[in-house]
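First comes the structure, then the notes that go with it.
The values are calculated or read from the model by the stated rules, or taken from the named source; none is laboratory data. The structure displayed is predicted, hence computed values, not measured ones. All Cβ positions, glycine included, derive from the backbone under ideal geometry; neighbour counts span all protein chains shown.
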Amino acid sequence: MIFLWKKIAKTVLSLILIFSLLFLAIFLSFNLAFLKPNRLVNWSESSGFYSSIINQASKTVSNDLNFTTSKQINLVSNDLRNAYTKNQFDKNIKNVINSNYTWFEGKANSPEFNISLTTLKQNLAINISNNAVNRYSTLPVCTTNQLLQLRSSGSNPLTIPCRSILITDSAIESQVTSSVNSIKLVFKGPNLSSQSININGHPYYEVLNGHILYRLLKFMPFISLFFVLISLFLLSLITRDKAKILRRLFVSLLISGLLLIILSILAKSIDGTIKSRVAKLSSLPFFISPIDNLLQKIITFISKINLEIGLAYLIIALVLLIVAHLKIPLRKPKQSKINGRNLPTVRAEENKPDLSFDKNYTPSKKIEIQPTAPDLKPQPINRRRLIQ
């Protein structure tokens with residue numbers, strides 16, 4: 001019965017060791033990906049969020065200003081890039097991510113960032129109105145027929161084909177400014193902050209509880225390492241034979257390494273699943289492609305780390321197999337010293353006497369064995385000698 005319980009305990013501890021090694025590698029890869037904000041900032045800057053925002057805002061502004069030609073749309077896109085440069089976008093991304101990490105680490109009660117969309121609209125209105133005024137100043141003077149046609153159908157100073165004395169530069173600037181300020185570029189509201197990004201009517205940081213997940217992710221590698229050490233310790237108590245312990249550790253490392261390699265290979269086939277998940281973000285359809293690019297960068301990095309750790313597990317398992325096969329001692333025997341001199345080390349196996357029987361042994365002299373003892377005759381008693 002005791003033997004059965006020991007066998008069950010060894011099996012359970014071996015399974016705990018395998019899964020602990022597996023989760024240790026996975027949580028290490030997640031920590032390397034998300035523990036510091038710099039890597040996430042670089043991924044976000046190179047995922048195409050800036051281009052998606054500019055393209056979406058260009059379409060919105062062009063539609064509201066009745067721009068239909070490709071030349072006009074390109075002008076709006078250039079005005080947007082001048083009003084909101086890539087450097088400004090990168091600074092805002094860095095500010096948003098760093099403020100969230102400050103909240104993750106418990107240094108703030110909530111993420112604190114604020115991106116002014118009003119300033120963006122003002123800069124955009126100035127750029128578009130300047131371009132409109134410059135365009136209007138180069139137009140030819142309207143003819144009588146053109147003036148009659150403009151009076152009957154109305155005129156848009158941004159798309160008018162000729163210059164009329166009824167339309168001044170200040171009128172063009174005021175119309176462009178009012179039109180741009182009324183446009184909802186990408187996000188609603190004058191500012192983009194942690195309070196304006198809501199999920200079901202609540203700020204996102206109150207719903208996601210990211211600070212709890214961050215702290216849990218930070219300590220999970222240590223928890224996994226603790227289970228690895230405690231399972232090895234209990235196995236050493238149950239199994240006295242070091243060779244068997246090495247064999248179980250070899251099998252555990254081999255299985256964990258193979259599982260990590262399989263997971264890293266399967267991660268490349270999740271592309272279709274990710275796109276289908278991201279496509280459900282119908283409220284921000286122009287962010288589907290950048291979010292997909294960002295997730296792909298994260299998954300590629302994590303799968304690469306898991307692959308490297310899996311290969312390291314296999315190398316360690318191979319070393320353990322060689323050690324167990326060659327019976328290399330894990331610890332060198334200590335040498336005794338007398339008067340400062342090292343004495344030769346003698347192992348217990350070398351000090352045992354040789355009790356084997358040599359069948360080919362022949363004695364040097366032939367020994368005769370008499371079957372019976374020799375006859376002993378009684379000697380006569382010398383009485384005279386006794387009297388003396």
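Filter the range 61-78 down to the residues that are more than 29 Å from Leu40 (Cα to Cα) and either at pLDDT 85 or above or surrounded by 15 or more Cβ atoms within 10 Å (Cβ to Cβ) (or both) and list them by number. The answer is Val61, Ser62, Leu65, Phe67, Gln72, Ile73, Leu75, Val76.
When the helices (runs of 4 or more DSSP H) confined to the range 1-102 are screened for residues that are more than 27 Å from the chain's Cα centre (by Cα) and among the hydroxyl-bearing types (Ser, Thr, Tyr), those reaching at least 1 such residues are found at 2-34, 49-64, 70-83.
How about the range 200-240: which of its residues are outside any helix (DSSP H, G or I) and either of a type in the set (Phe, Trp, Tyr) or within 26 Å of the chain's Cα centre (by Cα) (or both)? Matches in the range 200-240: Asn209 only. Would you point out the residue of the range 110-143, among those that are at pLDDT 80 or above, assigned to a helix (DSSP H, G or I) and of a type in the set (Val, Ile, Thr), that is surrounded by the most Cβ atoms within 10 Å (Cβ to Cβ)? Selected residue: Ile128. Among the conditions (1) out of contact with any Gly (no Cβ under 6 Å at 6 or more places or on another chain); (2) surrounded by 11 or more Cβ atoms within 10 Å (Cβ to Cβ); (3) at pLDDT 75 or above, Ser196 misses just one, which is (1). Residues that are among the charged types (D, E, K, R), surrounded by 15 or more Cβ atoms within 10 Å (Cβ to Cβ), more than 28 Å from Leu15 (Cβ to Cβ) and at pLDDT below 90: does the range 241-250 have at least one? The answer is no; no qualifying residue exists.
For the range 4-22, taking the residues that are within 17 Å of Leu254 (Cβ to Cβ) and among the β-branched types (Val, Ile, Thr), the one that is surrounded by the most Cβ atoms within 10 Å (Cβ to Cβ) is identified as Ile18.
Only one of Ser62, Ser52, Ser70 is without any contact (Cβ under 8 Å) to a residue 24 or more places away in the chain, touching a helix residue (DSSP H, G or I) at 6+ places or on another chain (Cβ under 8 Å) and within 30 Å of Ser178 (Cβ to Cβ); which? It would help to see each step written out before you state the result.
Details: Ser52 fails: without any contact (Cβ under 8 Å) to a residue 24 or more places away in the chain; Ser70 fails: touching a helix residue (DSSP H, G or I) at 6+ places or on another chain (Cβ under 8 Å).
Result of the check over Ser62, Ser52, Ser70: Ser62.
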